[in-house]
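A short write-up of the structure that comes next.
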Amino acid sequence: MVGIDTPFPSMADTILAQVESGRLDETRIRETGARLMDLKQKLGVLDGSPVPKRNTSCMFACDSHRASAFDAVRQSLTLLKNDANMTTTGKPLLPFSPTVKSIAVMGQACDNIGLMAGGWTIAWQG
């Protein structure tokens, strides 16, 4: 699986260069390929058998999965309150004036789910 948006020829050239330079061990590529072929064999893909139909209604991103993901985020979310009474020093944790009412988040990733979450999102595909 490739989780990047690089065209295959460019990616293949990069992998070949990494192997030739010794930065990537060819054994790792062979082992990965063997695992993929073994899985395809177990699924019957290599013997010409039709791939069995599966109930795909809830394999990926169905409502129950989204609810579980939302709950995981809700439980792990951390909200930082800049309250001097909450620190051991008696000073606010962040160096903002008490008169600051809002903070601007800026930069390339400030509103880009792909950059914030990487390739592991449902909607963003590179």
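Checking Gly119 against (1) within 30 Å of Met37 (Cβ to Cβ); (2) of a type outside the set (Ser, Thr, Tyr); (3) at pLDDT 80 or above, which test does it fail?
Of (1) within 30 Å of Met37 (Cβ to Cβ); (2) of a type outside the set (Ser, Thr, Tyr); (3) at pLDDT 80 or above, only one is false for Gly119: (3).
In the range 53-91, which residues are of a type outside the set (Gly, Ala, Ser), in contact with a helix residue (DSSP H, G or I) (Cβ under 7 Å, 6 or more places away or on another chain) and either loosely packed, with under 10 Cβ neighbours inside 10 Å or at pLDDT 80 or above (or both)?
Lys91, the sole residue that qualifies.
The values are calculated or read from the model by the stated rules, or taken from the named source; none is laboratory data. This is a predicted model, so every value here is computed, not measured. A quick note on method: Cβ atoms are made from the backbone with ideal geometry, for glycine too, and the neighbour counts reach across all protein chains shown.
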